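Report on the following structure.
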Amino acid sequence: MEKAGKGFRMSKILIRDREMFYEEKGAGFPLVFSHSFLWDHQMWAPQIDALSKKYRCINIDLWGHGLSDSRPEKEISLEQIAEDTWTLIEALDLERFAFVGLSVGGMIGAILALSHPEKIQSLSVMGSYVGAEPSDTLAEYLALMSQISETGYFSQELQEMLAPYFFSPKTYHSNPKLIENFKESLAAITAEKIETITSIGKGIFTRSCLLKKLESMKVPTQYIVGSDDGPRPPKESEEMASLTPGAECHVIPDAGHISCLEKPDFVTKAIDAFVQKASNHSCLKSVA
């Protein structure tokens, strides 16, 4: 794990007897970031570097990921992960903020936006899906969790098996270093965190369906997805956008699941533009 760079403020908050890590950079209106499964806060580095020049960026690590503690539970539900994330946000005493989440981070954001619309000014959901996991991929992902748990670490075989889930085939040719960095990050995950990671994975993949609830979403929402996202194909984001009042949907050409690193400029600009749009809309409503 790299050390925080210049301008970063690193901290941990005690939640249910364990410490959850977050870092902050910048000042101004708060943006809260939540990363993908098997990644950590560093996934958002290009967006934080750019957006911290005008926003207060708050970047959270999930349990068992990055610098957050492991947990003792055998399975951690998506709702519990969202509740713990909300506990951290509440501890920061944010009056209003925008939420940006990728994959499980997007699922967390949707749950929080449905539960706390008065606090969240805008929601950016990337490469995510709040419907129940389709039966074929559910079986596939639970088998992967069992294999990771039985192996006890991210072996070379697991690294090679997992990498294609996260990247466009085009990224293998255009940015092979990004693929290698991901494999190295998996190899660096300590054995003590494996059980927590697989517990979270089980909670993610056995999640309840929230699609019907999107019809009552009161928070301005944008969906962003890579055209080559295998785990969360564009049709899922398009389905969610069709159910969410006033939602936008952007499909990024030649990007896979981790579009924030594959196409960082596109993602940064889309987030910034949407936060600004929601802010302007909020100001107009308050004047009216």
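Just grab the label-to-label distance for Glu118 and Thr137, each label 7 Å out from Cα along the Cβ direction, in nm (one decimal).
Between Glu118 and Thr137, the simple spin-label model gives 3.5 nm.
Suppose we keep just the DSSP beta bridges with both residues in the chain; what percent of those would be antiparallel, to 5?
For the chain, the DSSP antiparallel bridge percentage is about 30.
Sorted by accessible area with a 1.4 angstrom probe, largest first, how do Val251, Val104 fall?
The ordering from most to least exposed comes out as Val251, Val104.
Taking amide H positions as placed 1.01 Å from N in the peptide plane, with prolines and chain starts having none, which residues 5 or more places from Glu133, or on another chain, fall under 5 Å of its amide H?
Residues meeting the criterion, in which the H sits 1.01 Å from N, are Arg207.
Ranked from highest to lowest mean number of other Cβ atoms within 10 Å per residue, what is the order of the peptides 134-145, 75-86?
The peptides rank, most packed first, as 75-86, 134-145.
When the helix-only estimate is applied to the chain (DSSP H runs of n ≥ 4, each -39,500 (n - 2.57), divided by the residue count), what is the mean residue ellipticity at 222 nm, nearest 500 deg cm²/dmol?
Helix-only estimate at 222 nm: -14000 deg cm²/dmol.
Can you compute the charge dipole magnitude of region 203-288 about its Cα centre, using +1 on each Lys and Arg Cβ and -1 on each Asp and Glu Cβ, nothing else charged? Give it in debye, rounded to the nearest 20.
480
For Lys212, go through the aspartates and glutamates and keep the ones whose alpha-carbon is under 16 Å away, minus same-chain ones fewer than eight residues off.
Within the straight-line cut-off, Lys212 pairs with Glu133, Glu236, Glu238, Glu239.
For region 7-24, in order, what is each residue's ³J(HN,Hα) by Karplus, 6.51 cos²θ - 1.76 cosθ + 1.60 with θ = phi - 60°, in whole Hz (x at glycine and Pro)?
The phi angles translate into x, 7, 10, 10, 7, 9, 10, 6, 9, 6, 6, 9, 9, 9, 8, 8, 10, 10 Hz.
Pick from Cys209, Cys57, Cys249: which is most flexible by mean-square fluctuation in a GNM of the chain where alpha carbon atoms under 10 Å apart are linked?
Cys209
If you roll a 1.4 Å probe over region 159-230 with all protein chains in place, what percent of the accessible area is carbon or sulfur?
Answer for region 159-230 is 56 percent, counting heavy atoms of protein chains only.
Which residues among region 101-116 fall inside the zone where the amide N is under 16 Å from a point 7 Å beyond the Cα of His281, along Cα→Cβ?
110, 113-114
Among 253-265, 152-164, how do they line up by average Cβ neighbours within 10 Å per residue, starting with the highest?
Result, highest mean first: 253-265, 152-164.
HN-Hα J couplings of region 200-206 from phi, Karplus 6.51/-1.76/1.60, θ = phi - 60°, integer Hz, Gly and Pro as x?
Once θ is set to phi - 60°, the couplings for region 200-206 become 5, x, 4, x, 5, 7, 9 Hz.
Under a straight-distance cross-link criterion of Cα-Cα below 19 Å, which lysines are reachable from Lys177, leaving out those fewer than 8 residues away in the same chain?
Candidates past the 8-residue exclusion: Lys263.
Can you pull out the GluC sites (Glu not before Pro) in region 1-68 that DSSP calls coil and that have at most 15 other Cβ atoms within 10 Å?
Glu2
For region 113-177, report the accessible area per residue in Å² (1.4 Å probe, heavy atoms, rounded to an integer). Walk me through the intermediate numbers first.
Values: 2980 Å² over 65 residues.
Each residue of region 113-177 exposes 46 Å² on average to a 1.4 Å probe.
What part of the accessible area of region 13-64, given as a whole %, is carbon or sulfur when the probe is 1.4 angstrom? Show your work: numbers first, answer last.
Numbers: 830 of 1570 Å².
Using a 1.4 Å probe with all protein chains present, region 13-64 comes out at 53 percent carbon and sulfur.
Scanning the chain for trypsin sites (Lys or Arg not before Pro) in DSSP loops with at most 16 other Cβ atoms within 10 Å, what's the longest stretch left with none?
Working: sites that count: Lys3, Lys6, Arg16, Lys53, Lys54, Lys74, Arg96, Lys218.
Maximal segment without exposed cleavage sites: 97-217.
Mind sorting out which of [x] -0.38, -0.85, -0.94, -1.12; [y] -0.28, -0.81, -0.94, -1.21; [z] -0.23, -0.71, -0.85, -1.18 is the real log10 I(q)/I(0) by the Debye sum over Cα atoms at q = 0.07, 0.12, 0.13, 0.15 Å⁻¹ computed from the coordinates?
[z]
Can you tell me how much longer the chain between Glu184 and Asp93 gets when fully stretched, taken as 0.36 nm per residue apart minus their C-alpha distance, in nm with one decimal?
My answer for the length gained is 29.2 nm.
Sum up the lysine pairs in region 1-137 that clear both bars: alpha-carbon distance under 27 Å and a spacing of 8 or more or different chains.
So the count of such lysine pairs works out to 17.
The values are calculated or read from the model by the stated rules, or taken from the named source; none is laboratory data. Quick caveat, the model's predicted, so the values are computed rather than measured. Positions of Cβ are generated from backbone atoms using ideal geometry, with glycine treated the same way; all protein chains shown enter the neighbour counts. Please note that ligands, DNA and RNA were not included when accessible areas were found on the heavy atoms of the full protein model with its side chains. Shrake-Rupley method; radii C 1.70, N 1.55, O 1.52, S 1.80 Å.
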